[in-house]
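Values in this text are rule-based calculations from the coordinates and carry no lab data. Because the structure is predicted, anything quoted here is derived from the model rather than measured. Cβ sites come from the backbone with ideal geometry, for glycine too, and all protein chains shown count toward neighbours.
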Amino acid sequence: MSESQTTVRLLPWSTPDGNPCFLAGDGSGYVSRVADSIETMQLDMADELLGHADDMLGDPKVTVRELRFLATELATALRDTRRVAVSRGARLSSSALGSEGHGSDACAGG
């Protein structure tokens with residue numbers, strides 16, 4: 001990506017009122033590195049949770065309350081993983097098409 005190319009990235013967190021947060025920039029700044037780190041943590045947590053789910057689902061002694069908690073955590077992990085996939089997919093599409101985004105290096109709520 002050239003220095004002058006700007007892309008818009010969906011960040012792995014939301015604005016305080018729950019709207020998506022986006023970053024416009026070249027992808028090399030501090031906020032981009034923080035977002036990369038958070039995405040990696042989210043994906044690692046999803047992997048760990050899947051392992052935990054496999055163990056729990058194989059245990060006949062697991063309670064309904066434990067399974068509800070597991071389902072809640074799995075839903076959160078799935079939302080996070082989907083957001084990472086959407087963000088990365090959009091960036092791949094942008095770079096493959098050679099399109100330029102708009103805006104400045106700032107976080108903006110949707």
**Report entry** Per-residue ³J(HN,Hα) for segment 47-62, Karplus 6.51 cos²θ - 1.76 cosθ + 1.60, θ = phi - 60°, Hz, x for Gly and Pro
**Finding:** 4, 4, 5, 4, x, 5, 4, 4, 5, 5, 5, x, 9, x, 8, 5
Query raised in the report: If you project the alpha carbons of segment 1-63 onto their three principal axes, what span does each projection cover, largest first, in Å?
Result: 58, 28, 14
Query - GluC sites (Glu not before Pro) within segment 1-66, DSSP loop, no more than 11 other Cβ atoms inside 10 Å - result: GLU3
Report task. In whole Hz, with x marking every Gly and Pro, tabulate ³J(HN,Hα) for segment 25-35 from phi via Karplus 6.51 cos²θ - 1.76 cosθ + 1.60, θ = phi - 60°. Result -> x, 9, x, 10, x, 4, 5, 4, 5, 4, 4
Report summary line: A chain fully extended from THR72 to GLU48 at 0.36 nm per residue, minus the present Cα-Cα distance, gains in nm 7.2 nm
**Report entry** DSSP-assigned coil residues among trypsin sites (Lys or Arg not before Pro) in segment 21-103, each with at most 14 further Cβ atoms within 10 Å
**Finding:** LYS61
